[in-house]
Amino acid sequence: MRAEPTCPRCGAQVQAPGLWSSDWSCGAHGAVLPRQPPVRPGPDALAIVLRDVRVPVWTPWPLPLNWLVTGFVTVGDDRDGARACGVALSGPGLVSGPADMMLIAEEPGVGLGAHYAGLDGSDPGERFDGSPPHAKIGISGPAATPGHTVPLWAVGREPDRAVFVGEALGNWLWAVLWPADAGVLMLEEQNLLDLREPGMEVDLPYGAYSRRLDL
């Protein structure tokens with residue numbers, strides 16, 4: 001795992017704020033929010049994520065059969081809190097073999113979701129064109145109304161993964177799945193739970209650290 005903050009858009013090392021600038025800076029993308037080193041799965045790691053996060057922390061709930069939470073990643077710093085959060089999950093694919101998923105909530109312009117999706121920009125851009133959605137998913141949590149569903153559009157261009165994106169609670173919601181045929185999971189009826197909900201006691205099952213977090 002990386003030991004230092006990196007650019008959420010390309011994974012390169014970033015320069016910390018200094019005397020002449022209050023921004024974190026990437027040589028390729030200029031001022032960015034820092035992507036913090038991914039953390040291994042477990043309740044202590046989740047508690048750290050929830051302490052500073054400013055966006056939803058999404059997980060399917062209930063989880064698909066035999067799926068496990070396999071790590072977390074955030075983008076942001078102590079000054080402004082985490083403005084993007086990714087939850088990694090792993091389990092059996094519906095079509096063939098093992099599969100991985102990243103669920104990412106982020107403010108517009110951060111770029112973490114686009115990075116995992118293999119897109120060049122920081123947002124879905126013209127690929128998110130308002131055409132009929134390819135999937136819908138329910139969401140629940142402290143800011144979601146009961147029965148709320150989010151339309152998702154397929155936007156990926158990399159042959160090894162399936163990518164869906166929509167807007168939920170004022171933030172981008174990305175679902176990136178490996179391999180590409182694991183995308184059929186998004187056609188199943190399921191619900192995403194925001195783990196920030198106060199007083200919630202969800203017994204998440206954790207598995208081995210997902211190397212997809214290191215992309």
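Worth a mention:
- Considering residues of the stretch 32-60 that are of a type in the set (Lys, Arg) and not in a strand (DSSP E or B) only, the residue farthest from residue 196 (Cα to Cα): 40
- Selection within the stretch 61-99 - in contact with a Leu (Cβ under 7 Å, 6 or more places away or on another chain), open to solvent by 30 Å² or more (accessible area, probe 1.4 Å) and more than 16 Å from residue 192 (Cα to Cα): 83, 94
- Considering only residues in the stretch 17-36 that are surrounded by 11 or more Cβ atoms within 10 Å (Cβ to Cβ) and farther than 20 Å from residue 114 by Cβ, the one that is modelled with the highest pLDDT turns out to be 17.
- Listed by position, the strands (runs of 3 or more DSSP E) contained in the stretch 79-164 that have at least 2 residues being among the hydroxyl-bearing types (Ser, Thr, Tyr) form an empty set.
- Enumeration of residues in the stretch 197-215 that are under 30 Å from residue 13 (Cβ atoms), modelled with pLDDT of 95 or more and assigned to a loop (DSSP other than H, G, I, E, B): 207, 208, 209, 210
Yes/no per residue for (1) open to solvent by less than 40 Å² (accessible area, probe 1.4 Å); (2) farther than 28 Å from residue 211 by Cβ; (3) out of contact with any Cys (no Cβ under 8 Å at 6 or more places or on another chain):
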residue: 144; (1), (2), (3): yes, yes, yes
residue: 151; (1), (2), (3): no, yes, yes
residue: 174; (1), (2), (3): yes, no, yes
residue: 185; (1), (2), (3): yes, no, yes
residue: 191; (1), (2), (3): no, no, yes
residue: 198; (1), (2), (3): no, yes, yes
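The values are calculated or read from the model by the stated rules, or taken from the named source; none is laboratory data. Fair warning: this is a prediction, and the values are worked out from it, not measured in the lab. Cβ sites come from the backbone with ideal geometry, for glycine too, and all protein chains shown count toward neighbours. Surface areas here come from the heavy atoms of the whole protein model, side chains and all, with no ligands, DNA or RNA. Shrake-Rupley method; radii C 1.70, N 1.55, O 1.52, S 1.80 Å.
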